[in-house]
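Taking it in order: structure first as structure tokens, then the write-up.
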Amino acid sequence: MGGAAAVTLRSLLRRGDDPFDQPWRTVDYLVVDLETTGLDLRRDAIASYGATVIQNGRMIAAHNVYGLVRPDCALSPASITVHNLRPADLADAPPLSEAVDTLDALLADRVLIAHAAWIEQSFLARAFKAHGKRLRCKIIDTAAMARAADLGAAHPGGEPNLERLATKLRLPVDSPHHALGDAITTAQVFLALAARLARHGHETARSFIDLTAADSSRRR
């Protein structure tokens, strides 16, 4: 969190209070989307990442970040079809360590938001570990929020489709299957779902974090 919010977070932690048990708009978030070489959580790798900051209940476009990553494994044909990144596009991209350093810095004092967050969580945790870091942040899943709001009808793969969910919420869809475009769409979906769920008692960041954890436990 920036400015006075960061001081408040540190003071809450020193007192042993829960810094996330406060109105959700007072907490800072980093919305992340990854494009990968495939969906094998053990073998595939990050090919690009996009991130946007939410602060005071608003997306801060000036903090948007996008980067390519030179993967250490081949792109699957299916992944190339989805995100249109070819081996030639990534041949001179920075190494994964640069993406890890960038995202680690951006996640300081922020909650991670992603759609179907178990995917981003798995890839990021492995990437961080490979570079001597730990993914320590709290996590909110917009797919779990959608299910809590009765908007989470899954596509055949099992998770609610991000673009379809955004359309249902009457939100624009920004550059589908581009990491930054999907991060921006996810941020807009989060803001809409947070406002909707707040009307039904989910008023704190802690509520969304716990909702995500409970949803993950149920689906294991």
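Counting alpha carbon pairs within less than 8 Å and at least 6 residues apart, what relative contact order, in whole percent, applies to region 10-103? Mind dumping the intermediate values first?
Working: 135 pairs, mean separation 21.3, N = 94.
Over region 10-103, the number comes to 23 percent.
Would you mind computing Rg(Cα) / (2.2 N^0.38 Å) for region 51-139, counting N as its residues?
Details: Rg = 14.2 Å, N = 89, 2.2 N^0.38 = 12.1 Å.
Ratio of Cα Rg to 2.2 N^0.38 Å: 1.17.
Which residues' amide hydrogens lie under 5 Å from the amide hydrogen of V111, considering only partners 5 or more residues apart or on another chain, with H built in the peptide plane?
Amide H neighbours of V111, under 5 Å, 5+ apart: D28, Y29, L30.
Quick one: if the Förster radius is 22 Å, what FRET efficiency do S97 and D40 give, using the C-beta to C-beta distance and rounding to 0.05?
On the way: r = 21 Å, r/R0 = 0.97.
E(calc), rounded to 0.05, equals 0.55.
Could you check what % of the DSSP bridge pairs in region 24-219 are antiparallel, to the nearest 5?
70 percent
Rounded to a whole number, what is D in µm²/s for the chain from Stokes-Einstein with the Kirkwood radius over alpha-carbon pairs (25 °C, 0.890 mPa s)?
Numbers: Rh = 17.7 Å.
My calculation gives 139 µm²/s for D.
Apply the Karplus parameterisation 6.51 cos²θ - 1.76 cosθ + 1.60, with θ equal to phi minus 60°, to every residue of region 51-62 and state each ³J(HN,Hα) to the nearest whole Hz, in sequence, with x for glycine and proline.
Per residue, the Karplus-derived 3J(HN,Hα) values read 8, 9, 9, 10, 9, 6, x, 9, 6, 9, 5, 5 Hz.
Can you compute 3J(HN,Hα) from phi for each residue in region 183-190, using the Karplus curve 6.51 cos²θ - 1.76 cosθ + 1.60 with θ = phi - 60°, rounded to whole Hz and x for Gly and Pro?
Coupling constants for region 183-190: 5, 5, 4, 4, 4, 5, 5, 4 Hz.
Any idea what angle helix 205-219 forms with the longest principal axis of the chain, computed on alpha-carbon atoms, 0 to 90 degrees, nearest 10?
50 degrees
Read-outs: derived from the displayed coordinates by stated rules, not from any lab. Since the structure is predicted, the reported quantities are computational estimates derived from the model, not experimental observations. Neighbour counts are summed over all protein chains in view; Cβ atoms, including those assigned to glycine, are modelled from backbone coordinates with ideal geometry.
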